[in-house]
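Okay, structure first, notes after.
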Amino acid sequence: MTERAVARIDVGAVQRNCTRLPKPLCAVVKADAYGHGVGLVVDAALAGGATWLAVATAAEAAELRRLAADVPILVMGAVTRDELRVAVEAGADVVAWSPEVAEAAPRVHVKLDTGMGRLGTRDRELAARLAAGPNTVGLMTHFATADELEDDLFPAQLAEFRGFVEQVGRGDLLVHAANSAAALREPASHFDMVRCGVAIYGLDPFQAEPDAHGLEPALSLHSWVASVRRIEAGQSVGYGRRWRAQEATWVATVPVGYGDGWRRALTNDCDVLIGGRRYPLVGTVSMDNVTVALGAEPAVDVGDEVVLIGAQGGERILAEEVARRMGTINYEVTTGLLPRLRREPVR
Ligand SMILES: Cc1ncc(COP(=O)(O)O)c(C=O)c1O
């Protein structure tokens, strides 16, 4: 290790994931590419066949335009008047569900709210009127439960959107609806383009197993054993004494913590890999360090590499596992990694 902790981004995996996803593909690279580093993944996504890029904010579009001069960019989030100007200056398309935005921006995608209840309009008449506007180049919606196979909102949203598209007529409009989960499970949701975020990073939108969809996790998180010490029976490690040794044991200190985005919710509740074996994190996750129980006769030395997400030897820890432990989803695990962790591209 050259530094205390680093997130390695396998840009080849991003490219291969994009290759395997349906086309036309819009690669969603908001929130610094779900924490992967937008500057690292854009070229890989385009090399994998993405022909559109999407972000949430105007500032993200301005940054992205510097990375991808000629690629169509869609700003999917709500924008203020000032942000609209920034998005337009970046040459990005924006999403509209009001006459004000539909008239103010040169290229808009009209969003029908078919059940997400967040952005877009529920008013089909208004949406149809906006769809006929001179600046409208696309029609879209967004699914709330595409990742929940038993939920009946997904087919209802799809049916409503399809009805809307038939009502207004496709003409030259670009029609799009599918996020990663919909793209993977339902070809009828693909229309003219899929908007995939999580899947391009090799994360499973269904929170189980990326392999099942032919996806390769692109992000791995590495640190090192900075110290190994013997803890006697009854002694504790870490803030608040939230772990005590039942018997004499060795403990490694690994310099990564919630200041890097390795969340305090993982206190006493995750594993790490050292030498291809799983070891439990013990004690409180602090800002800059975690501690790991090595057992009575440790086969671990200062300087050994530690993998917190990723593979080592025959073992693997997925972001999906970390998410389950934290009571969240893989999206938040990678997006929550903080800027202090350098992102290092690997192939
Ligand atoms: C409107 C919209 N489309 C597509 C996506 C991509 O979703 P996913 O990362 O699940 O593929 C998002 C992300 O949240 C979104 O907000």
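What about Ala208, is it part of a helix (DSSP H, G or I) and either away from the ligand (no atom under 16 Å from the Cβ) or at negative phi (or both)?
no
Which one is farthest from Lys30 (Cα to Cα) among residues in the range 189-213 that are open to solvent by 30 Å² or more (accessible area, probe 1.4 Å) and of a type in the set (Gly, Ala, Ser)?
Only one residue fits best here, namely Ala212.
I need a count of the residues in the range 120-158 that are assigned to a helix (DSSP H, G or I) and either within 16 Å of the ligand (Cβ to nearest atom) or in contact (Cβ under 8 Å) with a residue 60 or more places away in the chain (or both).
Result for the range 120-158: 5.
Which of the following residues is open to solvent by less than 10 Å² (accessible area, probe 1.4 Å) and within 16 Å of the ligand (Cβ to nearest atom): Ala252, Ala323?
Criteria check complete, one pass: Ala323.
Quick one: Gln157 ticks every box in (1) open to solvent by 10 Å² or more (accessible area, probe 1.4 Å); (2) at negative phi; (3) among the polar types (S, T, N, Q) except a single one, so which number is it?
That leaves (1) as the condition not met.
Against the conditions (1) open to solvent by 10 Å² or more (accessible area, probe 1.4 Å); (2) assigned to a loop (DSSP other than H, G, I, E, B), where does Val285 fall short? Just the number, please.
Unmet for Val285, out of (1) open to solvent by 10 Å² or more (accessible area, probe 1.4 Å); (2) assigned to a loop (DSSP other than H, G, I, E, B): (1).
Kindly check whether there is at least one residue in the range 54-68 that is surrounded by fewer than 21 Cβ atoms within 10 Å (Cβ to Cβ), closer than 17 Å to Asn179 by Cβ and of a type outside the set (A, V, I, L, M, F, W, C).
No, every residue in the range 54-68 fails to be surrounded by fewer than 21 Cβ atoms within 10 Å (Cβ to Cβ), closer than 17 Å to Asn179 by Cβ and of a type outside the set (A, V, I, L, M, F, W, C).
Quickly run through the range 237-279 and pick out the residues that are assigned to a strand (DSSP E or B) and of a type in the set (Phe, Trp, Tyr).
Selection gives Trp250, Tyr279.
Take Gly234 and decide whether it is over 17 Å from Leu221 (Cβ atoms) and either open to solvent by 10 Å² or more (accessible area, probe 1.4 Å) or modelled with pLDDT of 95 or more (or both).
yes
Among the residues of the range 87-119, how many are among the aliphatic types (A, V, I, L, M), in a helix (DSSP H, G or I) and open to solvent by less than 60 Å² (accessible area, probe 1.4 Å)?
Result for the range 87-119: 4.
Take the range 1-55 and flag every residue that is among the small types (Gly, Ala, Ser) and closer than 19 Å to Leu341 by Cβ.
The answer is Ala5, Ala7, Ala13, Ala31, Ala33, Gly35, Gly37, Gly39.
Out of the range 5-43, which residues are over 14 Å from Val71 (Cβ atoms), open to solvent by less than 30 Å² (accessible area, probe 1.4 Å) and away from the ligand (no atom under 13 Å from the Cβ)?
Within the range 5-43, Ala5, Val6, Ala7, Ile9, Val11, Gly12, Ala13, Val14, Gly37 qualify.
Would you mind stating whether Gly238 is under 30 Å from Thr2 (Cβ atoms) and under 21 Å from the mean Cα position of the chain (by Cα)?
no
Anything in the range 170-199 that is more than 8 Å from the ligand (Cβ to nearest atom), in a helix (DSSP H, G or I) and over 22 Å from Asp152 (Cβ atoms)? List them, or say none.
Correct list: empty.
Quick one: is Val282 under 25 Å from Thr328 (Cα atoms), within 16 Å of the ligand (Cβ to nearest atom), in contact (Cβ under 8 Å) with a residue 40 or more places away in the chain and β-branched (Val, Ile, Thr)?
The answer is no for Val282.
The values are calculated or read from the model by the stated rules, or taken from the named source; none is laboratory data. Remember, it's a predicted structure, so these values are computed and weren't measured experimentally. Positions of Cβ are generated from backbone atoms using ideal geometry, with glycine treated the same way; all protein chains shown enter the neighbour counts. Each accessible area value is taken on the protein alone, full model and side chains, heavy atoms only, with ligands, DNA and RNA left out. Shrake-Rupley method; radii C 1.70, N 1.55, O 1.52, S 1.80 Å.
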